[in-house]
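Asks: Sharing a structure with you now.
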Amino acid sequence: AQLIFGRSMSNLSPLQIAQLAEAAAQLAGIGGSTSLLQNLRSAIGIDDLEVITDEEGGTAVSAGKYLNDRTYVTIQKGDRPGSGKATVDLDVGRGVKLRGETTDAGEAKGGVFYEREY
């Protein structure tokens, strides 16, 4: 739980516990190839779907979609005012990504990131 969600098992939501159990089953070779979340993602045409809880008990839903092999868009909305945001990641090559983000409060920011997979 700490490795995947960054928090202890006692602080996970029921959905996160189900995701953790599914991941453990797949690693052990006993999990199926489809899950409830995977079926839901396929049905609504997105690549990622997460339910996130923070330390204060706030909840957010995040949905992400690859527009092409270089562009990824994420929309997130929480249960608190001003908690919504949209993020666009553009892979420009050699591990360099450009990121733009805007919130439903009208704030915007951008950045350049370097990622390396190994």
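Asks: Mind checking which of Ser42, Ser83, Gly95 is farthest towards the positive end of the chain's charge dipole, using Cβ charges of +1 (Lys, Arg) and -1 (Asp, Glu) about the Cα centre?
Replies: So the residue furthest toward the plus end is Gly95.
Asks: Counting only trypsin sites (Lys or Arg not before Pro) that sit in a DSSP loop (anything but H, G, I, E, B) with at most 15 other Cβ atoms within 10 Å, what is the longest stretch of the chain containing none of them?
Replies: 8-69
Asks: Exposed loop GluC sites (Glu not before Pro) only (DSSP loop, at most 16 other Cβ atoms within 10 Å): please give the longest stretch of the chain free of them, not including the sites.
Replies: 1-54
Asks: Let me ask something else. Excluding residues on the same chain fewer than 8 positions from Lys109, give the aspartates and glutamates whose Cα lies under 14 Å from its Cα.
Replies: Once the sequence-local aspartates and glutamates are set aside, what remains near Lys109 is Asp89, Glu101.
Asks: Magnitude of the Cβ-charge dipole of region 54-118, K/R +1 and D/E -1, about the Cα centre, nearest 20 debye?
Replies: With only Lys, Arg, Asp and Glu charged at Cβ, the dipole is about 300 debye.
Asks: What does the charge count near Arg41 come to, summing +1 for each Lys or Arg and -1 for each Asp or Glu among other residues with Cβ under 12 Å from its Cβ?
Replies: Net charge in that neighbourhood comes out at -2.
No value in this document is a laboratory result; all are computed from the given coordinates. Predicted model, so just to flag it, every value in this text is computed and none were measured. Every residue, glycine among them, receives a Cβ derived from its backbone with ideal geometry; neighbour counts consider all protein chains shown.
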